[in-house]
Amino acid sequence: MKFIKLFNLAVLATLLNACALINTAPSYAPSATDARIQVLKSFWGTNIRITDVDTIINSSGLMVTQITGVNQDSDYLKLEYHAEWFDREGMVIPSKMTHWVQFPAFEETEFRLKVVAPKRSAADFKILIREVND
Amino acid sequence: MKITNYPHVLMALALIGISACTPTENIDIHNDTGGAVMGLDYRDFQKAASEAITSMLTSGAVSKPDGSRYVLAISTVTNDTMQRIDTDQLIKKIRIELLNSGKVVVTTAVSTNGAEDQMAMQSRQLRQSDEFKQSTVAQKGQMIAPDLSLSGKIIQRNIKIDSSKQQAEYYFQLSLSDINTGLAVWEGETVIGKRGSNKAVSW
């Protein structure tokens, strides 16, 4: 009887430990180059790595960001991004362009994506990237 | 009461059962992972509008050199598809975003089929009315004529691949013209292709 109780306790402890491990693992990978870009991980992790982020103000006075990354997978990947823009006070600028937009990432090559701010007051951004689940 | 028509009763019960199996649910438009449809859905309009806006804002075509705003009129956007589409599903998104950008203001007083908002002209009829304080009535020579015109076309092509498969291609073509010179200052095209069963309808 005592053995069964101990066994039950051990199983419970293992389960709790497993739950704790799952909960503490981050579900996204912040870009090594820029924390404003996050690659969301799927169950199997991600083969996407962000290598460069360039931001300019174009001739219209709008912030334009070009993100360069690498698809380390040996397969073609369909990716999508979601861009949010913020003004100088950190308030979100509502935009019709803030939705998931698909783009291609060919196998074992670099990909680039260019995002333009919806208005001049945009001073910062947050971009999420993930694989498309078809 | 005695039920004698058992087959009909069973059929009615089966229909109720089937309809109960497919409950209606709201689409989460911020993270819609639902499958594609052969016809055009809101995601296709969102994609086409988004690409057009990004291209317009990046090109500088809607940036007036003196920093002021262009006045844009909406011209004809033709629906040349087999579907019944209100082209405002595309154009409204573009208008909202261009207005928000601070680069463009859209006139509702001029369009190909007369004024979009007829109140601007109607309210001018009040100039003849003694019932209205004339200083509050719109004055002559106050309306602003458009600088730019947005026109376009949505095209559909259906191609039969084999006895069970078909392909539907949709082309969203837009042009932004300088009304003064008649020259197109920006043009954009988004192509959306779908491949599916012949049984699926794209009209």
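Tabulated results
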| quantity | calculated |
| --- | --- |
| Cα lying deepest toward the dipole's positive end in chain B, options B:Gly34, B:Thr54, B:Ile154, charges on Cβ | B:Gly34 |
| Per residue convex hull volume, Cα atoms of segment B:14-151, in Å³ | 219 |
| Loop-located GluC sites (Glu not before Pro) in segment A:27-103 whose Cβ has at most 10 other Cβ within 10 Å (DSSP) | A:Glu89 |
| Length added when fully stretched, B:Asn198-B:Ile29, from 0.36 nm per residue minus Cα-Cα | 58.1 nm |
| Relative frequency of Cα-Cα separations exceeding 14 Å in segment B:88-143, percent | 66 |
| Overall form of segment A:67-132 per C-alpha gyration tensor (a/c, 1.5; a/b vs b/c) | prolate |
| Residue mean of other protein chain beta carbons inside 10 Å, A:86-99 | 3 |
| Exposed-loop-free span, longest in chain B, where trypsin sites (Lys or Arg not before Pro) count as exposed if DSSP calls them loop and at most 10 other C-beta atoms lie within 10 Å | B:3-83 |
| Separation between Cα centres of segment A:34-96 and segment B:163-203, rounded to whole Å | 27 |
| Unit Cα scatterers, Debye sum, segment B:123-178: log10 I(q)/I(0) for q = 0.20 Å⁻¹ | -0.82 |
| Using a Förster distance of 35 Å, the FRET efficiency for A:Val70-A:Ala123 (Cβ separation, nearest 0.05) | 0.80 |
| Ellipsoid equivalent to segment B:55-125 - semi-axes via the Cα gyration tensor, in Å | 23, 21, 9 |
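Read-outs throughout are calculated quantities, based only on the coordinates presented, and are distinct from any laboratory measurement. Quantities reported herein were computed from a predicted structural model and do not represent experimental measurements. For neighbour counting, all protein chains shown are included, and Cβ atoms are generated from backbone atoms with ideal geometry for every residue, glycine included.
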